[in-house]
Structures are given as structure tokens and as C-alpha cells.
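Here's a structure for you.
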Amino acid sequence: MPKFSVLSGRLSFGTGRGREALADLRTFVAGRNKEATASLDEAGEELIALHLLEVPNTLHVNLLSTNAIETPIGNIRRKLGRVTRWRAETDQPRRWLAMALTEVEKGLRKLSGYRDLPALARALAVDRADSDKACAA
């Protein structure tokens, strides 16, 4: 049975290495679970979007995980969990959400590799421009 390391996908850089890591993952999963293999095939190259954008792999550790969004959402739910009167005719729900977001913000930390975020922004801008051109054609 082949071995697979999660780190191989996170530490690889570029399109070729991303595709290689995806192929390794598929080989690893194929022998264990047919449904997981089908799911992996369905997602395809969307799983290696950061690799396809060729952003620095310093961002992969945080952005290849959903923790950066799931943790704040969970904390907001905990903060608002006891609210029972969500009356739409007032602005109270907005104020409760603002309070929860302010509290959650206190616990947020910088992404590791945050200095490379401008490279991600540039890659996304180029990718968007390319997709806009393709849609116009």
C-alpha cells in the first residue's frame, strides 16, 4: 500500500508539484475507499487551486485548510448561541453580530506567511483577468 504525506501537498510549489501531490493522494485513497476516490475525482484540480495560481507555499499551511474560517464561525455561534429574539424590524441582530465579530477578532492571529498575501492578490487578479477574457470571447 503506498504511503501518502499530507505535507507533500502543503509544501509543494507550482502546478506540476501540485498535480503530482494530487496524483499521490488519489493513488493512496484508491486502494482504501471507492467513494472517497470518486469524490476526489469529482473535485479534481479545484483541490490544488493554490498550486495552480503558483502562490508561495508559505501560504499553503493556512489556506489549504478550512480552519481559518471555521474557527471564527464557530466562535460567533457560541457568542450568539443564547440569543432567542431575532426581531427583523430592529437593528439589534446587526448589533449582536457586530459584538460577536469584535469579540472573535480579539482571538485571531496573523496567517503564517502573511507577507506573501500580495503575491496571492496578484495571482488572483491575473487569473480573474484571464477568465474575463475567456468569457468575453
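Every number in this text was worked out from the coordinates using simple rules, so none of it is lab data. Keep in mind it's a predicted model, so treat the numbers as computed, not measured. Positions of Cβ are backbone-derived with ideal geometry, glycine not excepted, and every protein chain shown enters the neighbour counts.
Output the 0 to 90 degree angle, nearest 10, between the alpha-carbon long axis of helix 117-136 and the longest principal axis computed from the alpha carbons of the chain.
Helix 117-136 and the main axis of the chain meet at about 80 degrees.
Still on this model: Report the longest stretch of the chain that contains none of the trypsin sites (Lys or Arg not before Pro) sitting in a DSSP loop with at most 14 other Cβ atoms within 10 Å.
Within the chain, the longest run free of exposed trypsin sites (Lys or Arg not before Pro) spans 33-81.
Helix-only estimate, please: 222 nm mean residue ellipticity of the chain, summing -39500 (n - 2.57) across DSSP H runs of length 4 or more and dividing by its residues, to the nearest 500.
So the helix-based figure for the chain works out to -19500 deg cm²/dmol.
Non-local amide H neighbours of LEU64 (under 5 Å, H modeled in plane, Pro and chain starts lacking H): which ones?
Result for LEU64 returns nothing.
I've got another one for you. Taking the alpha-carbon centroid of each part, what is the distance from the range 10-71 to the range 77-127 in angstrom?
First find each Cα centre; the distance between them is then 26 Å.
Here's a follow-up. Quick one: angle between helix 15-30 and the longest Cα principal axis of the chain, in degrees between 0 and 90, rounded to 10, please.
Computed tilt is about 90 degrees.
Treating the angle as unsigned and between 0 and 90°, give the value, to the nearest 10°, between the Cα long axis of helix 92-105 and the longest Cα principal axis of the chain.
So the helix axis and the longest Cα principal axis differ by about 50 degrees.
For the range 14-63, what D do you get in µm² per second when you plug the Kirkwood radius from alpha-carbon pairs into Stokes-Einstein at 20 °C and 1.002 mPa s?
188 µm²/s
A further question on this structure: Dividing the Cα radius of gyration by the Kirkwood radius, what Rg/Rh value follows for the chain?
1.09
So, with +1 on the Cβ of K and R and -1 on the Cβ of D and E, and no other charges, what is the size of the charge dipole of the chain about its Cα centre, to the nearest 20 debye?
800 debye
Contour minus end-to-end for LEU52 and LEU80, with contour as 0.36 nm per residue of separation and end-to-end as the Cα-Cα distance?
6.3 nm
For the range 33-44, what does the Karplus curve 6.51 cos²θ - 1.76 cosθ + 1.60, with θ = phi - 60°, yield as ³J(HN,Hα) per residue in whole Hz, taken in order and with x for Gly and Pro?
Ordered by residue, 3J(HN,Hα) equals 7, 5, 5, 5, 5, 5, 5, 4, 5, 5, 5, x Hz.
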